[in-house]
Amino acid sequence: MLENQISELQAAALKRIAAAHSADEIEAVRVEALGRKGALTQVSKEMGKLAPEERARVGKLLNAAKQALEQALDERKQEFDASALRAQLDAEWIDLTLPSPGPRAGSLHPITQIQMEIEDLFVSLGFMVLDGPEVETEYHNFDALNIPPEHPARDSQDTFWLTDGNLLRTHTSPVQVRGMERFSPPLRMIAPGRAFRNESVDASHEHTFYQLEGMMIDRDVSVAHLLYFMKTLLTEVFRREVTVRLRPGFFPFVEPGFELDIQCVICGGSGCAVCKHSGWVELLPCGLVNPNVLRISGIDTEKWNGFAFGLGLTRLVMMRYGIDDIRLLQSGELRFLRQF
Ligand code: DAH
């Protein structure tokens, strides 16, 4: 009786193993037939009731049935494992001979973008683009710009001095001097670059910022020329009319000197952190070049005069894009940078 039961169970299990579609089904058969509560395990519990010689025979048969099932289960399991591996390998196949897609494309920093636009504009107006060192001599940063050692104007530019007597330039104006030393008039140049001041950092001040210096030396240059170029510059950058105001401003290297302010584009003039709640942002100090500056660099002031300006490039970028915290620009934060 038990013998019949065993061979029936074996045959039924083998059939199911052969018909299984997945490793999971195989596992289910294993549990049902051979598990602790499985059918064959139940049969072996019945064996205690048998006579000894019968028990030996049935025991053998039971063991043979278990072995046969284990083997069939293992074989099918291996088949399923192998085909799963094949499917995975097919899916993960890589053609190593294909050219690599390369690193993900980055984008130009907003300051760089505006700098390049302004360079293009001024090049089209006949200006050279000059570069100067960030570590400057005291002479180029101050003296040659008509700021002698005891001049109070030095106090307003809190400077990083180096132990060798040089300094981190506090503005891009020293490139004016280098331009005049290198080339003779008529002269049209701009000089974008970084400048440094010992500032306490907040939403509108950084110790490191960008300026764009400009200078034109020619015959009979007037404030009208200066204003023409400044208006052309601002219209190009903002691609619309911006409200500006001109105030007298003092810089030792220009006379007369002006502060050209623009109405704060962030708050529309109602007052915010960037414009220090005044509605206006100092953006474009400028003026007619002080004859002393020309003379110091060996230019004949009987023949030549000029204008100069020092655009705050960092401020300009903040205005154009409505950035209300200067610290974002040098944060290296990709979520910020990807917007440009
Ligand atoms: N160098 C000045 C500064 O950083 C800005 C400046 C003012 C530059 C007037 C000029 C100028 O060329 O004419 O504060």
Fill in: Scope segment 274-307; condition of a type in the set (A, V, I, L, M), in a strand (DSSP E or B) and touching a Phe, Trp or Tyr at 6+ places or on another chain (Cβ under 7 Å); matching residues
284, 288, 289
Discussion item. Need pairs with beta-carbon distance below 6 Å; first residue within 14 Å of residue 325 (Cα to Cα) and within segment 251-276, second at pLDDT 90 or above and within 10 Å of the ligand (Cβ to nearest atom); sequence gap 6+ or separate chains.
Written reply: none
Worksheet item: Do you know which of the residues in segment 55-72 that are open to solvent by 30 Å² or more (accessible area, probe 1.4 Å) and not charged (D, E, K, R) is nearest to the chain's Cα centre (by Cα)?
Response: 71
Fill in: From the options 260, 284, residue that is closer than 13 Å to residue 319 by Cα and either surrounded by fewer than 14 Cβ atoms within 10 Å (Cβ to Cβ) or within 16 Å of the ligand (Cβ to nearest atom) (or both)
284
Worksheet item: Any chance segment 96-119 includes a residue that's open to solvent by less than 90 Å² (accessible area, probe 1.4 Å) and farther than 30 Å from residue 334 by Cα?
Response: no
Worksheet entry | Pairs, first closer than 10 Å to residue 33 by Cα in segment 1-13, second open to solvent by 50 Å² or more (accessible area, probe 1.4 Å), C-beta under 8 Å, six or more apart | 13/32
Fill in: Of the criteria (1) more than 14 Å from the ligand (Cβ to nearest atom); (2) of a type in the set (Val, Ile, Thr); (3) under 22 Å from residue 225 (Cα atoms), which one residue 296 fails
(3)
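Pick from 127, 183, 160: which is within 33 Å of the chain's Cα centre (by Cα), surrounded by 13 or more Cβ atoms within 10 Å (Cβ to Cβ) and away from the ligand (no atom under 14 Å from the Cβ)?
On inspection, the qualifying residue turns out to be 160.
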Worksheet, complete the sentence: Checked segment 247-273 for anything in a loop (DSSP other than H, G, I, E, B), out of contact with any Pro (no Cβ under 9 Å at 6 or more places or on another chain) and not hydroxyl-bearing (Ser, Thr, Tyr); matches are 250, 253, 264, 265, 266, 267, 268, 269, 271, 272, 273
Worksheet entry | Qualifying residues in segment 301-314 (those that are in contact with a helix residue (DSSP H, G or I) (Cβ under 8 Å, 6 or more places away or on another chain) and not β-branched (Val, Ile, Thr)) - the one farthest from the ligand (Cβ to nearest atom) | 304
Item to complete: May I ask you to list pairs of residues, at least six apart or on different chains, whose Cβ atoms are under 9 Å apart, with the first in segment 18-38 being surrounded by 15 or more Cβ atoms within 10 Å (Cβ to Cβ) and the second being assigned to a loop (DSSP other than H, G, I, E, B) and not hydrophobic (A, V, I, L, M, F, W, C)?
Response: 30/38; 32/38
Discussion item. Can you list residue pairs whose Cβ atoms sit under 7 Å apart, with the first residue in segment 165-176 being more than 14 Å from residue 131 (Cβ to Cβ) and open to solvent by 10 Å² or more (accessible area, probe 1.4 Å) and the second being more than 9 Å from the ligand (Cβ to nearest atom) and in a strand (DSSP E or B)? Count only pairs 6 or more apart in sequence or on different chains.
Written reply: 166/135; 166/136; 168/135; 168/196
Worksheet item: With (1) open to solvent by 80 Å² or more (accessible area, probe 1.4 Å); (2) among the small types (Gly, Ala, Ser); (3) assigned to a helix (DSSP H, G or I) as the list, and residue 82 as the residue in question, which single condition is left unmet?
Response: (1)
Response to the item:
Among residues of segment 210-227 being under 22 Å from residue 324 (Cα atoms) and open to solvent by less than 30 Å² (accessible area, probe 1.4 Å), the residue farthest from the ligand (Cβ to nearest atom) is 212
Worksheet entry | Conditions (1) open to solvent by 10 Å² or more (accessible area, probe 1.4 Å); (2) at pLDDT 90 or above; (3) more than 16 Å from the ligand (Cβ to nearest atom); number of the one not met by residue 265 | (2)
Discussion item. Looking at segment 228-244, can you tell me whether even one residue there is within 15 Å of the ligand (Cβ to nearest atom) and open to solvent by 40 Å² or more (accessible area, probe 1.4 Å)?
Written reply: no
Worksheet, complete the sentence: residue 141 fails exactly one of (1) open to solvent by 60 Å² or more (accessible area, probe 1.4 Å); (2) free of Cβ contacts under 8 Å to residues at least 40 places away in the same chain; (3) within 13 Å of the ligand (Cβ to nearest atom), namely (1)
Fill in: Filter result (within 16 Å of the ligand (Cβ to nearest atom) and assigned to a strand (DSSP E or B)) within segment 191-209
191, 192, 193, 194, 195, 196, 205, 208, 209
Worksheet, complete the sentence: residue 205 fails exactly one of (1) at pLDDT 95 or above; (2) open to solvent by 10 Å² or more (accessible area, probe 1.4 Å), namely (1)
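The values are calculated or read from the model by the stated rules, or taken from the named source; none is laboratory data. Since we're looking at a predicted model, the values are computed, not measured. Neighbour counts run over all protein chains shown; Cβ positions are idealised from the backbone, glycine included. Note: areas computed on protein heavy atoms with side chains; ligands, DNA, RNA excluded. Shrake-Rupley method; radii C 1.70, N 1.55, O 1.52, S 1.80 Å.
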